[in-house]
Amino acid sequence: MRQSQLFTKTRKHAPKDEVAKNAQLLIRGGFIHKEMAGVYSYLPLGLRVFKRIEQIIREEMNAIGGQEMTLTALQSPAAWKKTGRWDDAAIDVWFKTELKGGGELGLGTTHEEPLTELMTEYVESYKDLPKYVYQFQTKFRNEMRAKSGIMRTREFVMKDLYSFSRSEEEFREFYEKCAAAYMKIFKRVGLGEQTFRTFASGGSFSKFSDEFQTLSDAGEDTIHLHRGKGIAVNKEVYTDEVLAELGIEKSELEEVKAIEVGNIFPLGTRFSDALGLKFKDEKGNEQSVVMGCYGIGPGRLMGTIVEVLSDEKGIVWPKEVAPFRVHLISISGGNADVVAEADRLYELLNENGVEALYDDRESRAGEKFADADLIGIPMRIVVSEKTMAEGGVELSGRHNGGTAIVSEDEVIKRIRA
């Protein structure tokens, strides 16, 4: 992509009403556009990052047996009334609407009910289980106060996976596989060292659920962290009884702020019992399916990356989620030879499958470098009169700031390495 052709532009200032660092930097960098409180559009650069995060999640879910599908956002009350969750007293963030022909619909906040009901059409025998189904689907939540930029919004995409197992033991085996897959996801997006599996309340379903919390002062949660064991306890379940069960001493824990970037949740048989999801075991006896749910929001993860990994100059994207592999910058000063060399290098990168954002604008060098720092692509190539005189291009990293003059023959090798 030639930067001169992007319809978005960088901004020196974010909207005055935007206080979250992630939203400020993403708006200034031209990644997102704020439509209203809690509602953001993803612009070309932002969508590229979002899709890369989504693909990482997809790959890890497929690796543990997940099957992708998409359910509808529009929700009929029938299934929800069976579980008691159509009532606003049970779920207080519903968006509901009246149909012109009569009747009521809701916009999905989550999808346990419709998927459980759907599975009754496909599960009869123990031979039909286990099954692991997931989707990337837009959720709508009528939050009283949307905040934290793209980390807490009223409209967002969620990867929600649901497991359907024959027994508690079979469920727990997959539950641990999914926990390990989540940690792989966080490592791949650059948050592995800052993210910890955290014991949290299981609500009415189980004693515990598991959250995945990324350390950040911007976080809404308080957790008690055991760095040695790599686990934490959410403040909501921080009791002597829980610590004793986990074999942890209070003196070993530190209190920190964190952002919840994922959760996995035992559901037991609550939804399968309410919606009639049964199977016949080897002896022909009818049993209830044991369920679990597992959520990650790609947008929330994107916002967390910005909160945790940005610096005073702007965003610092990890290479696996960056919108482009390299940022090619031409500093020509009106020199046609520099422009021609930069154009030729851009074509060379394309021919070798290296996606590049090419800053071919007629702008000052300082402006181009400031924009590159803000946008945060991890690898930068500069072509200028100086680099041409030295027989190469300048290659540098957004992470470490180190630079080197590299010959054209070595550029592709270095990028791939």
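The values are calculated or read from the model by the stated rules, or taken from the named source; none is laboratory data. This is a predicted model, so every value here is computed, not measured. Ideal geometry is used to build each Cβ from the backbone, glycine not excepted, and the neighbour counts take in all protein chains shown.
For segment 181-197, the condition of being assigned to a strand (DSSP E or B), crowded, with 21+ Cβ neighbours inside 10 Å and not charged (D, E, K, R) holds for at least one residue. Of all residues in segment 92-117 being in contact with a strand residue (DSSP E or B) (Cβ under 9 Å, 6 or more places away or on another chain) and closer than 20 Å to Phe279 by Cβ, which is surrounded by the fewest Cβ atoms within 10 Å (Cβ to Cβ)? In this case the residue turns out to be Pro114.
Among the residues making up segment 99-125, those that are under 24 Å from Asp160 (Cα atoms) and of a type in the set (Gly, Ala, Ser) are Gly106, Gly108.
Considering only segment 76-91, how many residues are more than 16 Å from Asp273 (Cβ to Cβ) and free of Cβ contacts under 8 Å to residues at least 12 places away in the same chain? Show your work before the answer.
To start, the set of residues in segment 76-91 that are more than 16 Å from Asp273 (Cβ to Cβ) comprises 76-78, 86-91.
Imposing the further condition that a residue be free of Cβ contacts under 8 Å to residues at least 12 places away in the same chain reduces the set to 78, 87-90.
Counting residues in segment 76-91 that are more than 16 Å from Asp273 (Cβ to Cβ) and free of Cβ contacts under 8 Å to residues at least 12 places away in the same chain gives 5.
Scan segment 140-155 and give yes if some residue there is over 29 Å from Ala218 (Cα atoms) and touching a helix residue (DSSP H, G or I) at 6+ places or on another chain (Cβ under 8 Å), otherwise no. No - not one qualifying residue is present in segment 140-155.
Listed here are the residues, each with its yes/no results for (1) over 24 Å from Met158 (Cα atoms); (2) over 21 Å from the mean Cα position of the chain (by Cα).
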{"residue": "Val189", "(1), (2)": "no, no"}
{"residue": "Phe205", "(1), (2)": "no, yes"}
{"residue": "Glu255", "(1), (2)": "yes, yes"}
{"residue": "Pro266", "(1), (2)": "no, yes"}
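Kindly establish whether Phe265 is crowded, with 16+ Cβ neighbours inside 10 Å, more than 30 Å from Glu320 (Cβ to Cβ) and among the aromatic types (Phe, Trp, Tyr). So Phe265 fails the test.
Checking the structure you have, find out if any residue of segment 242-253 is in contact with a strand residue (DSSP E or B) (Cβ under 9 Å, 6 or more places away or on another chain) and of a type in the set (Ser, Thr, Tyr). Checked against the condition, which is being in contact with a strand residue (DSSP E or B) (Cβ under 9 Å, 6 or more places away or on another chain) and of a type in the set (Ser, Thr, Tyr), segment 242-253 yields no hits at all. Scanning segment 181-209 for residues that are closer than 19 Å to Glu59 by Cβ and in contact (Cβ under 8 Å) with a residue 24 or more places away in the chain gives Ala181, Tyr182, Met183, Lys184, Ile185, Phe186, Arg188, Val189, Gly190, Leu191, Thr195.
Of the set (1) closer than 30 Å to Val189 by Cα; (2) surrounded by 12 or more Cβ atoms within 10 Å (Cβ to Cβ); (3) modelled with pLDDT of 90 or more; (4) more than 32 Å from the chain's Cα centre (by Cα), all apply to Ala404 but (3). In this structure, does Glu236 turn out to be without any contact (Cβ under 8 Å) to a residue 40 or more places away in the chain and either among the hydroxyl-bearing types (Ser, Thr, Tyr) or surrounded by fewer than 19 Cβ atoms within 10 Å (Cβ to Cβ) (or both)? Taking the combined requirement at face value, the residue satisfies it.
Scanning segment 1-33 for residues being part of a loop (DSSP other than H, G, I, E, B) and in contact with a helix residue (DSSP H, G or I) (Cβ under 6 Å, 6 or more places away or on another chain) gives a total of 8.
The single residue among Val316, Val306 that is touching a Gly at 6+ places or on another chain (Cβ under 9 Å), farther than 19 Å from Val157 by Cβ and crowded, with 20+ Cβ neighbours inside 10 Å turns out to be Val316. Here is a check on your reading of the model: is Ala200 surrounded by 18 or more Cβ atoms within 10 Å (Cβ to Cβ) and among the small types (Gly, Ala, Ser)? Yes, satisfied.
For segment 50-71, the candidate set comprises residues that are hydrophobic (A, V, I, L, M, F, W, C) and under 30 Å from Gly106 (Cβ atoms); within that set, the residue that is surrounded by the fewest Cβ atoms within 10 Å (Cβ to Cβ) is Met69.
Per-residue answers, yes or no, for (1) touching a residue at least 40 places away in the same chain (Cβ under 8 Å); (2) in a strand (DSSP E or B); (3) touching a strand residue (DSSP E or B) at 6+ places or on another chain (Cβ under 9 Å):
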{"position": "Asp337", "(1), (2), (3)": "yes, no, no"}
{"position": "Asp343", "(1), (2), (3)": "no, no, yes"}
{"position": "Leu348", "(1), (2), (3)": "yes, no, no"}
{"position": "Tyr358", "(1), (2), (3)": "yes, yes, yes"}
{"position": "Thr387", "(1), (2), (3)": "no, no, yes"}
{"position": "Ile405", "(1), (2), (3)": "no, yes, yes"}
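For segment 243-262, state whether one or more residues are over 23 Å from Met61 (Cα atoms), crowded, with 19+ Cβ neighbours inside 10 Å, in the same structural domain as Tyr162 (by TED's automatic domain parsing) and without any contact (Cβ under 8 Å) to a residue 24 or more places away in the chain. Within segment 243-262, one or more residues are over 23 Å from Met61 (Cα atoms), crowded, with 19+ Cβ neighbours inside 10 Å, in the same structural domain as Tyr162 (by TED's automatic domain parsing) and without any contact (Cβ under 8 Å) to a residue 24 or more places away in the chain. Looking across segment 34-51, the residues that are under 19 Å from Ser310 (Cβ atoms) and outside any helix (DSSP H, G or I) come down to Lys34, Tyr40, Tyr42, Leu43.
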